[in-house]
Every structure is written in C-alpha cells, then in structure tokens.
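Chemist: Below is one structure. I have some questions about it.
Only the coordinates and a few stated rules stand behind these numbers; no lab work does. Keep in mind that what you see is a predicted model, and the values were worked out from it rather than measured.
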Amino acid sequence: MTGAALAGPDGVLRCPWSLSAEEYVAYHDEEWGRPIHGDDALYERLSLEAFQSGLSWITILRRREGFRAAFAEFKIASVAAFTDADRERLLADPGIIRNGAKIDATLANARVLADWSPGELDALIWSFAPDPASRPIPRSLADVPAVTDESTALSKALKKRGLRFVGPTTAYALMQACGLVDDHLADCVARR
C-alpha cells in the first residue's frame, strides 16, 4: 500500500513523511499530533504554520529556535508590542523566513490576540476538534486530508476574529500539529 507506515532505521513503523530527516523523526515521535494547549503555545504553532505555507516543514523545524528568538518566544503580549524597528529587524534576520507578508501577519495576529481574554484562543481552536470516533483511522497517506469541514470552519472563525494567514489548509495543519486530530497512520508507533 503506497504511503503506508514504514520502518525507520530503528525498525519502528512510522508515518513515511517522518523518515526523510532526523529532525522529522524527533518532531513526529515527540510533538506532532500531541495535544497542545495555551494561548502562547498555540500562537507559536499558528505562526509557524503560516510561515511554512509554500515551504517544506523541515525548513521551519530547522529555523524554529531562530523564530523563537526573533519573536520573543512567541509571547503574545511581547510580540504585540513590537515596533516598526522590530519589523525591520525581522526582515533582516537570517535565522527566520524573511517574508514580509508572513512577518506582518504574525505581528498583526499578536496585536489582535493581545486583546483576547486569557484562554480564549485555546478555547476557540479546540472547539473545532472533531469527535475522534467520527474519523476513520488513516491507513496510508492517501487517507489523510489536506482540508476538512472543521478546518474550513476554524479558518473562517479565526479570520472573522481578525487573524491573518489562516486559510483552511493552514488551519488543518495546525489541527494535526496540535493534536486536535490524530493523523498518525494506523500502524505508526506514535498513534494514540
């Protein structure tokens, strides 16, 4: 079956996308699909997923510490206070993806989120988690969607609240990364 779980160098079955780089194996085994809560943590994931748009996730993983340093560990209140000078600093920072539209969206999203109540982002995002019993367990990569009704609804809700760079595909990637859905393949060691 194409796209089925594959044995890694250690003989353990994993989702095949996780075997192309050492960073992917660690991310797959320790983070991807595990529940993430907290406004700052979710803001970080939302921002990184937006930066990933059009790029490979390995590019983001390899620069994640640079992103964290550049964006004040993704503390919403800190990033919301960034100035035009900070924006210029970010555009010149080789440790991140220097895309003006993505940087602007990350800054604008922090300013929007700074006005939300504590826990509001967490509650909103998690309100779109589908019932796990309603989802078939994927047996191959062909069974894993790029967009779902829930991710489309999440995207619309985030946009309605003023957030940017949160299309349905980005929203679904966020849902996968933060454990709202478990898209580890049926035979994968990381499947919950």
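Chemist: What percent does the relative contact order of region 52-133 come to when contacts are Cα pairs within less than 8 Å and at least six residues apart?
Modeler: Details: 47 pairs, mean separation 22.1, N = 82.
Here the relative contact order equals 27 percent.
Chemist: Determine the equivalent ellipsoid of region 39-177 by diagonalising the alpha-carbon gyration tensor, then write out the semi-axes as square roots of 5 times the eigenvalues, largest first, rounded to whole Å.
Modeler: Details: eigenvalues 141, 66, 27 Å².
For region 39-177, the ellipsoid semi-axes come out as 27, 18, 12 Å.
Chemist: Report Rg (one decimal) and Dmax (nearest whole number) for region 103-192, counting Cα atoms only, units Å.
Modeler: 14.4, 43
Chemist: If each DSSP helix of 4+ residues adds -39,500 (n - 2.57) and the sum is divided by the residues in the chain, what number results at 222 nm, nearest 500 deg cm²/dmol?
Modeler: Value at 222 nm, helices only, nearest 500: -14500 deg cm²/dmol.
Chemist: Kindly express, to the nearest 10 degrees and within the range 0 to 90, the angle between helix 100-113's C-alpha long axis and the longest C-alpha principal axis of the chain.
Modeler: 80
Chemist: Something else now. Just to confirm the number: angle between the C-alpha axis of helix 149-160 and the first principal axis of the chain, 0 to 90 degrees, nearest 10?
Modeler: 0
Chemist: A follow-up question, please. With springs connecting C-alpha atoms under 10 Å apart, model the chain as a Gaussian network and identify which of Ala77, Ala133, Ala153 has the largest mean-square fluctuation.
Modeler: Comparing Ala77, Ala133, Ala153 in the GNM, the peak value goes to Ala133.
Chemist: Sequence gap at least 6, Cα distance under 8 Å: using those rules, report the relative contact order of region 39-177 to the nearest whole percent.
Modeler: 28
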